[in-house]
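See structure below.
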Amino acid sequence: MRKILLLSALALLLAACGGNAEAGATAITVKVSEFAFDPNPITVSSGAPVELTLVNEGAVEHDFVVEVIPVEDVTTEGGMGEHEMSGGHEEPDLHVATAAGGTSVLRFTPTEPGTYQIICSVPGHKEAGMIGELIVK
Ligand SMILES: [Cu+2]
C-alpha cells in the first residue's frame, strides 16, 4: 500500500513537471531548414492550447505562417519581429520567424477542425517547396 501511494505521488510529480510547455499545452517541436518543416503534417486538437517551438537548423532565416485559421490566445516568444515576407501585406493569423540557428515559440489555440496550409513566407521559400500541413482534429 505504501509503495502504491509513493508511485502515485511520483506520477503526479512527473505529470506536473512534464516538458517546458505551459500548463496543459500540447508541446510540439518543429524543425525548419532548406526547405521543409519537420514533422509534416503537424496534427493538433481543436480547443486545446498548442505550444510550438520552431528550431531553425538551416543556414538562413525561416518562418512559420498560416495565413487564415480560426485561433485564440496567440502569443510568440523569441521571434524576429519585422522581416521580409512574400505575399500579401496583411498579417497572417499565425506567424513566427526564426533566424538561422535560432529558436522561437508560437502559442495558440485552434478553434475549428480542418486542414490548413503552412508556408514559409521568406521570399522564394514557398516556391522552393517549403509548404506544410497543420491538421486540426
Ligand atoms: Cu524558409
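Values quoted throughout were computed directly from the atomic coordinates according to the rules given, and no laboratory measurement underlies them. Only a predicted model underlies this, so the values are computations on that prediction, with no experimental measurement involved. Positions of Cβ are generated from backbone atoms using ideal geometry, with glycine treated the same way; all protein chains shown enter the neighbour counts.
Within region 25-136, the percentage of alpha carbon pairs spaced more than 17 angstrom apart rounds to 47%. Could you please report the charge total around residue 86, scoring K, R as +1 and D, E as -1 over all other residues with beta-carbon less than 9 angstrom from its beta-carbon? In short, -1.
Just so you know, the Rg over Rh for region 29-80 is 0.95, from Cα atoms, with Rh as the Kirkwood radius. P(r) tail, region 66-125: Cα-Cα pairs separated by more than 18 Å, 36% of all pairs.
Close amide H contacts of residue 133 (hydrogens built in the peptide plane, cut-off under 5 Å, sequence separation of 5 or more or a different chain): 42, 118. By other beta-carbon atoms within 10 Å, ranking 80, 85, 130 with the fewest at the front produces 80, 85, 130.
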